[in-house]
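Student: Supplied in C-alpha cells, the structure appears directly below.
Derivation of every value follows stated rules applied to the coordinates shown; laboratory data play no part. Quantities reported herein were computed from a predicted structural model and do not represent experimental measurements. Using ideal geometry, Cβ is built from the backbone for each residue, glycine included, and neighbour counts are taken over all protein chains shown.
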Amino acid sequence: MNHSRRLFEFLDGFEEVPTGLHLIAGLTGFTDAGSTLSQVADQIFANLETKLVVKFKNDELLDYRSRRPVMFFERDHIEHYEPPVLGLYLVHDEVNQPFLYLHGYEPDFRWEEFAEAVLDLAEGLEVSDFTWVHSIPFPIPHTRAVGVTVSGNRTEIIDAVSEWKPQTQVPGNVLHLLEYTFSQVDLPTVGYVMLVPHYLSESEFPQAAVKAFEQIASTTGLIFPTDALRDEGAEFVSKLQEQIEKNEELAKMVATLEQGYANEKTGPNRAPIAKPETKMPTAEEIAAELEGYLATRRKNSLDD
C-alpha cells in the first residue's frame, strides 16, 4: 500500500486486517440528536470485539483549546492524560463477521487531507462499501417510527428508504465530505441521517440508535446487539407518554405532528414530512416539562 503517513499511524494488528470489509463511520462533533451516535458507539464497544488498528494524529487534526483533553490530577501531580481518539477499528459483529469502524471526533482541521487519507486507507484495504450514520432534530412525533433521510450513490437504497429529500444548502460535516470523496471514485456509499423528534434531541432516545443499527444491518448484513436498546426505548417512551398526558400543550404538539402522518395510503414511514402549521412549544419549554423525568433517568444511569 502507498499510504500518506502525515495524518495517521498504523498500530499493531493492522497487518491482520482482511481486505474487502464493510467500512462504517460515525463521528461526533457536529450534531448528535438523541445521542444516537453515542449510543451506537457505546453498544459497539461494550458488546463487540474491537481493536484499534489505525490512529489519526491529534496534533494535525484537533483544536485542543476547543476540545480540551482530560487530565487526571492525583493530589499533587498529573497521574494520567487521556487524549481523544480518532481511529479506525477492526470490529467483529455478533456472529463474528469482521468490519471496519471509523470512530471518534470530527476533525477541526485538514478536512480534505483527512478525506484523502481515509480514501487511501479504504482503497488499500479494498473496502467493499462505505456507510455512515448521523442524526438531526426534526419535527417528527415520537409516536411514529424514527424517520431517516438517505444520501450517497446507492440509488436503490435511497428510493426504498429515504423519507425526506430536501433540496437546500446545509452546514456540512466531514462525513458529507467522505461521502462525496468516495462517490467520486464510484465506491458504493450511503449515508443515513436519523430524524429525531426535536423535543427529544437533547436526551438519549434509544429508538434512534436502534434505527441506525437497523439501517446499517440492512445495507451490510452485519448483526448488532440491540435488545438492551429496545428495552430502554420501550421504558423511555412509556414514561415520556406519562409526562405528555399531564401536559395539554405537549399533547397538542404531538397531535399536530401526527397530522403529517395522516395519509394511510402511504403509511407512517413513507408519509410526507412537513413542518406543522400551528405554533409549537419551543425546545426550551418542552425541555423544562421533561426535566424532572430526564434528570431522574440520567441519575439512575450514573448510579448503575
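Student: Report, by chain and number, residues whose modeled amide H sits under 5 Å from the one on Val53, excluding near sequence neighbours (fewer than 5 apart, same chain).
Tutor: Leu88, Tyr89, Leu90
Student: With a Cα-only, solvent-free Debye model of the range 1-100, what are the log10 I(q)/I(0) values at q = 0.14, 0.22 Å⁻¹?
Tutor: Each listed q maps to, in turn, -0.71, -1.33.
Student: Now, a different point. When all alpha-carbon pairs of the range 8-227 are counted, what percent fall beyond 33 Å?
Tutor: 15 percent
Student: For the range 13-81 and the range 114-186, compute the distance between their C-alpha centroids and round to whole Å.
Tutor: Here the two parts' Cα centres lie 20 Å apart.
Student: So how much slack lies between Gln241 and Gln167, counting 0.36 nm per residue of separation and subtracting their Cα-Cα distance, in nm?
Tutor: 23.2 nm
Student: For a footprinting-style exposure proxy, rank Asp42, Asp93 by other Cβ within 10 Å, fewest first.
Tutor: Ranking Asp42, Asp93 by Cβ neighbours within 10 Å, fewest first, gives Asp42, Asp93.
Student: Points 7 angstrom from Cα along the Cβ direction at Gln184 and Ala234: gap in nanometres?
Tutor: Between Gln184 and Ala234, the label points sit 4.8 nm apart.
Student: Let me ask something else about it. Order these by the 10 Å Cβ neighbour count, fewest first: Trp111, Trp164.
Tutor: By the 10 Å Cβ count, ascending: Trp164, Trp111.
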